[in-house]
Amino acid sequence: MKIVILTQYYPPEHGAPQNRLHDLSRRWLKSGVDVTVLTAMPNYPRGEIFAEYRGKFFASEEIDGVKVLRSWIFASKNKKTIIQLLCYFSFVFSSLIIGLLKLRKSDVLICESPPLFLGFTALMIKYLKRMKLVMNVSDLWPESAVQLGLIGPGLALSGLEWFERLLYRKSSLVSCQTEGIVKGVLDKYPSARTLLFPNGVDLEMFMPEEKDLDLKKSLAFPEDCFIVGYGGNHGRSQALSQLLAAADRLRDEKIFFAIVGDGPEKEMLQEKARQMTLKNLVFYPSQDRQNMSKMQALWDIAIVPLKDIELFDGARPSKMFELMAGEIPFIFCGRGEGADLAKTSGSAAVVPPEKPEMLAQKVLELSKMSKEERKAMGAKGHIFVKEGFNREKLADIFLQELRKSCVN
């Protein structure tokens, strides 16, 4: 079986789609599948092409045995809508050129959405290379763009909704990361064949680890403080200002916030923290996945925050599963599917999104629990993900469904 994965996001970038697709491709490769990835020059989340890829229109490499073809993208730190559209469409057209010139005929083409626009490249390759199309939807576009205030009513929105339905109609399978996305797809196109392919975790990479005291010292974590960690993107969807507001309320407690990662709002958040004179909160650079497992082992608890919009009631942030695998208890700031999973796991407390006073109170409560109580919470999380969210098992289920819906 030959599979092509078309995605704007792939390692060495860090992020949920990057990690999910990387794990999927290398596990399928081990199962005897011929996997090729067609992706952009790495630039996420800072909007800068990584140094070793600059000045190239095309590049070919192998990552963990998987063949990776890369094409040019217009990358920019400017987050204005028109600039971001240029970024998206530059990859749409460069990937179409490279796809038609470099891709061999394969059985299945999996297109990662968002961005929805990449579906144009997927449709062209589907017909010209005669492949079965699978749309993998990790976020409902254009619905999420509307709720985030990026697009309003009008012809553009109507056109995007028409194109969204077209992609579902032309797909042999639509795989979705959450139950809410499955429902959203079926609301738009009831005849779609869907598969719930949830975020999960690589249990070989994220596992319970002993605290690395040398690492703790190098990061200058205070010795006598309760450590609260966040690791991930610093973007609009995470609304990290709620962490700053919670830290402000806890400035007189022996509680320290370690904020790890990068993203379009990081500079704004750092400036805001300076203006608030937060001495109990420090920002740290983005870490690769191996280091992230060691980093989170230093935390007493973690926070998984979301912005307070209805769309995120269907969100299942991948960082939840990584924390559970590492036996780190956490606070989930959200509602819906993510909150239900957090509660069911037994490894998390839940507060409403963007309610920093409630978040601060919950952090204080967990800090007063005994280490044994928090350890028991974390252990429940590991059992939970091992049973239902092991990426190895999820990859096998996805592959079986591809054979049924696209090959047989």
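What value, in deg cm²/dmol to 500, does the helix sum -39500 (n - 2.57) over DSSP H runs of n ≥ 4 give at 222 nm once divided by the residues of the chain?
The per-residue figure over the chain is -13000 deg cm²/dmol.
Dipole size in debye (nearest 20) for the stretch 91-152 around its Cα centre, Lys and Arg Cβ +1, Asp and Glu Cβ -1?
Dipole magnitude for the stretch 91-152 comes out near 540 debye.
Let's test the formula: R0 of 45 Å, r as the Cβ-Cβ distance of residue 308 and residue 2. What FRET efficiency results, to the nearest 0.05?
The value I calculate is 0.55.
Considering the Cα positions of the stretch 37-125, please state its Rg to one decimal place and its Dmax as a whole number of Å.
13.0, 38
Taking 0.36 nm per intervening residue step and subtracting the Cα-Cα distance, what contour gain separates residue 46 from residue 291 on full extension?
This chain segment gains 86.2 nm when fully extended.
Treating only the Cβ atoms of Lys and Arg (+1) and Asp and Glu (-1) as charged, compute the dipole magnitude of the stretch 213-388 about its Cα centre; round to the nearest 20 debye.
So the dipole magnitude of the stretch 213-388 works out to roughly 200 debye.
From Cα pairs below 8 angstrom and at least 6 apart in sequence, can you work out the relative contact order of the stretch 213-388, rounded to a whole percent?
Once divided by the residue count of the stretch 213-388, the mean separation gives 22 percent.
Extending each Cα 7 Å along its Cβ direction at residue 217 and residue 270, get the distance between those two points in nm, one decimal.
Going by the 7 Å Cα→Cβ label model, 2.7 nm.
Can you bin every Cα-Cα distance in the stretch 213-388 into 10 Å intervals starting at zero and give me the percent of pairs per bin, rounded to whole numbers?
In order of increasing distance, the bins hold 10, 41, 40, 8, 0 percent.
Where the centroid of each part is defined by its Cα atoms, how far is the stretch 242-283 from the stretch 165-232 in Å?
One Cα centre to the other: 24 Å.
Over the stretch 83-234, what relative contact order in percent results from Cα pairs under 8 Å that are six or more residues apart?
16 percent
Please work out the C-alpha center-to-center distance from the stretch 287-355 to the stretch 381-408 and express it in whole Å.
That distance is 21 Å.
Test of the criteria: in the stretch 168-249, which GluC sites (Glu not before Pro) are in a DSSP loop and have at most 12 other Cβ atoms within 10 angstrom of their Cβ?
Sparse-neighbourhood loop GluC sites (Glu not before Pro): 204, 210, 223.
For a paramagnetic label modelled at 7 Å from the Cα of residue 59 toward its Cβ, which residues of the stretch 1-24 fall within the zone defined by backbone nitrogen distances under 20 Å?
In the stretch 1-24, the label zone of residue 59 (backbone N under 20 Å from the point 7 Å along Cα→Cβ) covers 5-23.
Taking every eigenvalue of the Cα gyration tensor of the stretch 7-52, multiplying by 5 and rooting it, what semi-axes result, largest first, whole Å?
Here the semi-axes work out to 22, 10, 7 Å.
For the stretch 137-196, rounded, prolate or oblate, judged on the Cα gyration tensor with a ≥ b ≥ c (square roots of eigenvalues), a/c < 1.5 rounded, else prolate if a/b > b/c?
Since a/c reaches 1.5 but b/c is at least a/b, the shape of the stretch 137-196 is classed as oblate.
Just to be sure I understand: if I project the alpha-carbon convex hull of the stretch 227-272 onto a plane and average over all orientations, what area do I get in nm²?
For the stretch 227-272, the mean projected area of the Cα convex hull comes to 3.0 nm².
Using a 10 Å cut-off around each Cβ, can you sort 369, 320 from fewest to most neighbouring Cβ atoms?
So the residues, fewest neighbours to most, are 369, 320.
When the chain is modelled as a GNM with alpha-carbon springs shorter than 10 Å, which of 176, 225, 333 fluctuates the most?
225
Per-residue HN-Hα couplings for the stretch 307-317, Karplus 6.51 cos²θ - 1.76 cosθ + 1.60 at θ = phi - 60°, whole Hz, x for Gly and Pro?
Coupling constants for the stretch 307-317: 6, 8, 9, 4, 3, 7, 5, x, 7, 10, x Hz.
Along the positive direction of the dipole of the chain (beta-carbon charges: Lys, Arg +1; Asp, Glu -1; about the Cα centre), which of 25, 133, 244 reaches farthest?
Farthest towards the positive pole: 133.
I'd like to know which of 78, 50, 100 lies farthest towards the positive end of the charge dipole of the stretch 33-102, counting +1 on Cβ of Lys and Arg and -1 on Cβ of Asp and Glu.
Positive-end residue among those listed: 78.
For the chain, what's the relative contact order in percent, using C-alpha pairs closer than 8 Å and at least 6 residues apart?
14 percent
Name the residue farthest towards the positive end of the dipole of the stretch 213-388 from the options 278, 296, 309, assuming +1 on Cβ of Lys and Arg, -1 on Cβ of Asp and Glu, about the Cα centre.
So the residue we want is 296.
Can you list the DSSP H helices in the chain whose Cα atoms extend at least 24 Å along the helix axis and whose mean Kyte-Doolittle hydropathy is 1.6 or higher?
81-102
Can you tell me the FRET efficiency between residue 253 and residue 79 if r is taken as the Cβ-Cβ distance and R0 is 35 Å, rounded to the nearest 0.05?
My answer for the efficiency is 0.50.
How far apart, in nm, are the 7 Å Cα→Cβ label points at residue 407 and residue 148?
Taking the two extended label points, one gets 3.5 nm.
Going by C-beta contacts inside 10 Å, put 128, 269, 240 in order with the fewest on the left.
Fewest to most other Cβ atoms nearby, the residues stand as 128, 269, 240.
Neighbour counts of other C-beta atoms within 10 Å: give me 50, 330 arranged from fewest to most.
50, 330
Out of all Cα-Cα pairs in the chain, roughly what percent, to the nearest whole number, are more than 39 Å apart?
Everything past 39 Å amounts to 17 percent.
Explain nothing, just the number: dipole magnitude of the chain about its Cα centre with +1 on each Lys and Arg Cβ and -1 on each Asp and Glu Cβ, in debye rounded to the nearest 20.
That gives a dipole near 1300 debye.
Suppose each label sits 7 Å from its Cα in the direction of the beta carbon; what would the residue 393-residue 166 distance come out to in nanometres?
4.0 nm
Can you give the FRET efficiency for residue 373 and residue 236, using 1/(1 + (r/R0)^6), R0 = 41 Å, r = Cβ-Cβ distance, to the nearest 0.05?
It comes to 0.75.
Any read-out appearing in this document is the output of simple, stated calculations on the displayed coordinates, not a laboratory observation. Computed from a predicted structure; not experimentally measured. Quick reminder, even Gly has a Cβ in these numbers, built from the backbone with ideal geometry, and neighbours come from all protein chains shown.
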